[in-house]
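Heads up, the thing below is written out as structure tokens.
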Protein chains: 2
Amino acid sequence: MSIAIKPLVTESLSKQIAEILREAILNGTLKIDEQLPTEYELAKKFNVSRPTIREAFKQLAAQKLVRSRRGPSGGTFVCHPSNQDLNSSVTAAVMMLVNTGEFSLSNIAESRRELEKICCRLAATNRDDQNLSQLTTELKIQKSPELNDEEFCASDVRFHRAIVDATQNPVLKFMMFAIIEALQPVTNLIIFRFRKREIIIDQHQKIYEAICNKDARAAEQAFSQQMDYLCEQYRQAQEWRAQRDREKVIKDREK
Amino acid sequence: MSIAIKPLVTESLSKQIAEILREAILNGTLKIDEQLPTEYELAKKFNVSRPTIREAFKQLAAQKLVRSRRGPSGGTFVCHPSNQDLNSSVTAAVMMLVNTGEFSLSNIAESRRELEKICCRLAATNRDDQNLSQLTTELKIQKSPELNDEEFCASDVRFHRAIVDATQNPVLKFMMFAIIEALQPVTNLIIFRFRKREIIIDQHQKIYEAICNKDARAAEQAFSQQMDYLCEQYRQAQEWRAQRDREKVIKDREK
DNA sequence: TTTTTATATTTGTCAGACAAATATAGGTTT
DNA sequence: AAACCTATATTTGTCTGACAAATATAAAAA
């Protein structure tokens, strides 16, 4: 007796259905804004119950691939996620990897140094007037002395975002927004007690001027200088931590 | 009569619950691998029915934030998504943006040129022996003449992935894998009838040799040459298309 | 003609039930 | 005593049927 053992699909029905629909949406079989059959009809078609269909829909809704509305002429519609939706999910993913410690700070620093250098160069080449005004706005904010640390960091993030924006390249923007949004705060959190605001502002000023003058080389260089400074601050922060830990060990021994 | 109009939460219960749990997971209140209460208990706690809890769980499961197992000592567990899970969702996001036309081919080409140049440089600096063997494996595959176009493209993708891998930087890997996986096939699809395999292979060979010799400058240059070639092929492809369209217009007029 | 009201449709939620998987404990066999 | 089977309890997976809530459309009233 030799029965061909089938792979035995063990995934839940709702997951399988979600996967089928997902494929159909991604490869364009189901077009954007197209209305899916009602839950009841789909349940009949797949030969499952309505709650199963609903669970599948919920999975797709979590990925922003469908949206639902009640009432007649309501229903569930295909709905490609917006640029912003996708961006925030990527940012969340990067944040999670940072939190779980998969990205070390030196990894982060290295990648930022390289990636943002490119952005500075392209920004100097491609920037328009609106980009410049965004940069000046943030510079002005950073110069006001009554700003608290949190607000300063937020403006810092917006400043670097504006640089990326000025590259005018949506691919770079998509990637870099996630990186900056997720990684900059981590960096700031560690070194904010060591870095001096006026130095950062001065560096920002130099980057701005280079971009303003469409001087790609100077922009690259100015950014590299900032990164050098930040890395040095990071080194000091580490040293300070190590020192603190040593002191703690000594204290523990005394007990 | 002045009643304070409440904001009136109109989101579905399952979505609200999913959001609450999501927050708790992301900010660490619910630790990784921690078991959530059973669906029945949660239903009682939130004062909703079990299907509602289930729908919430499905939304979280779609984001790979929880996983469920049946049976005693089963249940639903917090489960930070794996690196691979996150990566594939980013890849899907990029693919979607390509499909919806938010990324033009020139955007893609520009970003790849810049980003992968960095990777080539860092790969030359940081590569280990395993990286080299991956590259040679793919080179060998590409040289076999009986390979069909699809297999050649797949190996091409793997080759460039291996370059990124050799940077040894997880941040870059995370970002670049998505870019290569999503963008390389699009590029290939357009120009595969124009580019010559032997030229591509020769360029790969040069990149490999530079990385092997830890010559960062040569690696950058070799990659730039390949990009120049690809851009030229892309220009030809566009011209060919324009020509075809013109002919089509003439044909239509004749009818 | 405009406004209101009824109605039908579709998703959102609930309740209770059974099925399927599976760890644990207890019993059986060797 | 050790290995293997078996019953059982627990938890998720699914089904059925029902009602609630939202809402577009058509009908009725002003």
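Inspect segment A:101-108 for any residue being more than 28 Å from A:Phe223 (Cβ to Cβ), more than 9 Å from chain B (Cβ to nearest Cβ) and surrounded by 17 or more Cβ atoms within 10 Å (Cβ to Cβ) and give the result as yes or no.
For segment A:101-108, residues more than 28 Å from A:Phe223 (Cβ to Cβ), more than 9 Å from chain B (Cβ to nearest Cβ) and surrounded by 17 or more Cβ atoms within 10 Å (Cβ to Cβ): absent.
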Spot the failing condition for B:Glu116; the list is (1) surrounded by 18 or more Cβ atoms within 10 Å (Cβ to Cβ); (2) not in a helix (DSSP H, G or I), and only one is missed. (2)
Here the residues within segment A:175-203 that are without any contact (Cβ under 8 Å) to a residue 12 or more places away in the chain and of a type outside the set (Asp, Glu) are A:Leu189, A:Lys196
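Restricted to segment B:74-92, and to residues that are away from every other protein chain (no Cβ under 11 Å) and buried (at least 18 other Cβ atoms within 10 Å of the Cβ), which residue is nearest to DNA strand D (Cβ to nearest atom)?
Step one: filter segment B:74-92 for residues away from every other protein chain (no Cβ under 11 Å), giving B:74-79, B:84.
Those left that are additionally buried (at least 18 other Cβ atoms within 10 Å of the Cβ): B:76, B:78-79.
Details: B:Thr76: 5, B:Val78: 12, B:Cys79: 13 Å.
So, considering only residues that are away from every other protein chain (no Cβ under 11 Å) and buried (at least 18 other Cβ atoms within 10 Å of the Cβ), the one nearest to DNA strand D (Cβ to nearest atom) is B:Thr76.
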Looking across segment A:142-151 at residues that are part of a helix (DSSP H, G or I) and out of contact with any helix residue (DSSP H, G or I) (no Cβ under 8 Å at 6 or more places or on another chain), the single one that is farthest from the other protein chains (Cβ to nearest Cβ) is A:Asp149
Would you please name the residue that is nearest to the other protein chains (Cβ to nearest Cβ), looking only at residues in segment A:109-134 that are within 15 Å of the chain's Cα centre (by Cα) and of a type in the set (D, E, K, R)? A:Arg112
Counted residues, segment B:24-73 - those being touching a residue at least 40 places away in the same chain (Cβ under 8 Å), of a type in the set (A, V, I, L, M, F, W, C), within 14 Å of chain A (Cβ to nearest Cβ) and more than 9 Å from DNA strand C (Cβ to nearest atom): 6
Selection from segment B:33-73 of residues aromatic (Phe, Trp, Tyr) and within 9 Å of DNA strand D (Cβ to nearest atom) yields B:Tyr40, B:Phe57
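Looking at the structure I just gave you, is B:Arg193 within 18 Å of B:Glu138 (Cβ to Cβ) and touching a helix residue (DSSP H, G or I) at 6+ places or on another chain (Cβ under 8 Å)? Full working, then the answer.
On the way: within 18 Å of B:Glu138 (Cβ to Cβ): no; touching a helix residue (DSSP H, G or I) at 6+ places or on another chain (Cβ under 8 Å): yes.
The answer is no for B:Arg193.
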Return yes or no: is A:Leu139 more than 20 Å from the chain's Cα centre (by Cα), crowded, with 21+ Cβ neighbours inside 10 Å, more than 10 Å from chain B (Cβ to nearest Cβ) and in a helix (DSSP H, G or I)? no
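Here, each number is a calculation from the coordinates, and none is a lab measurement. Source: prediction; values computed, not measured. Every residue, glycine among them, receives a Cβ derived from its backbone with ideal geometry; neighbour counts consider all protein chains shown.
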